[in-house]
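K.L.:
Got a structure for you, written out below as structure tokens; questions coming shortly.
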Amino acid sequence: MTGHPRCLIIEDEPEIARLIRISLTLEQWQVEMAPDGNLGLVRAANWRPDLVILDLGLPGLDGMEVLGQLRAWSQVPLIVLTARTAESVKIQALDAGADDYLTKPFSVAEFMARIRSVMRRLHRDPTGQETAFATAEWRVDLEHRRVWVRGAEVHLTPIEYRLLCVLIHERGKVMTHRQLLTAVWGPHHARANHYVRIYMAQLRKKIEVDPGAPRYLLTESGVGYRLAEPDPLPLERSTVPPG
């Protein structure tokens with residue numbers, strides 16, 4: 001990305017589109033708007049934005065169809081912003097490739113924080129090869145598969161470790177049960193939601209100070225889990241405790 005980042009707003013409510021445009025412009029974004037799905041797809045193809053804000057309740061082409069068509073050729077970061085609050089719709093949008101999902105009415109402050117989170121993930125690691133990761137309370141040596149919690153090394157089972165790694169690599173992003181199951185257990189277990197709940201509980205017991213009120217491994221009710229933002233900084237190799 002060079003110069004000011006570009007955001008395409010696909011939204012048919014003028015007041016909301018205007019509010020988003022003003023908020024983004026204040027943060028030095030270039031903004032284009034499209035009031036329906038068909039025009040949104042055309043502008044996405046021609047303008048090549050760095051971020052798309054997508055309403056689902058659009059005239060003509062439905063927002064879910066826009067998302068599906070866009071994901072057929074582009075991995076541009078995309079946040080769904082909609083009045084649809086059903087968990088099933090949120091899961092469907094996230095599984096279809098949305099990077100985040102926010103419902104109306106919404107807080108502008110939260111909305112801008114979600115954008116920062118999505119864009120941090122995009123630029124976090126150009127090589128895709130992180131070797132270590134840390135929060136204020138725990139750290140992971142991703143190269144040697146070792147974990148320390150509050151200064152003491154802890155043992156994670158292979159599944160617990162894979163689950164933690166998936167959340168680290170997608171940190172800040174809501175991961176649905178299906179996405180986690182597919183990434184950790186494989187596609188044949190995509191409906192076994194209880195696997196995720198069991199292992200997440202075990203992981204919290206080993207990492208969180210208070211597993212009943214987790215600070216890092218957060219539940220998105222009815223949808224899945226995410227590793228909390230603000231985004232912890234990766235460790236340099238030299239800061240991993242010697243072993």
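K.L.:
If only one of 44, 96, 17 is surrounded by fewer than 16 Cβ atoms within 10 Å (Cβ to Cβ) and of a type in the set (A, V, I, L, M, F, W, C), which one is it?
P.N.:
96
K.L.:
Moving on to the next point. If we scan the range 147-161, do we find a residue that is modelled with pLDDT under 85, on the phi > 0 side of the Ramachandran plot and not hydroxyl-bearing (Ser, Thr, Tyr)?
P.N.:
no
K.L.:
What pairs come out if I take residues in the range 155-180 that are in contact (Cβ under 8 Å) with a residue 12 or more places away in the chain and surrounded by 19 or more Cβ atoms within 10 Å (Cβ to Cβ) and pair them with residues that are in a loop (DSSP other than H, G, I, E, B) and not hydrophobic (A, V, I, L, M, F, W, C) whose C-beta lies under 7 Å away, six or more apart or interchain?
P.N.:
Partner pairs satisfying both residue conditions: 171/231; 172/229; 172/231; 173/99.
The values are calculated or read from the model by the stated rules, or taken from the named source; none is laboratory data. In this text, all values refer to a predicted model and were calculated from it rather than measured experimentally. Virtual Cβ from ideal backbone geometry, glycine too; neighbours counted across all protein chains shown.
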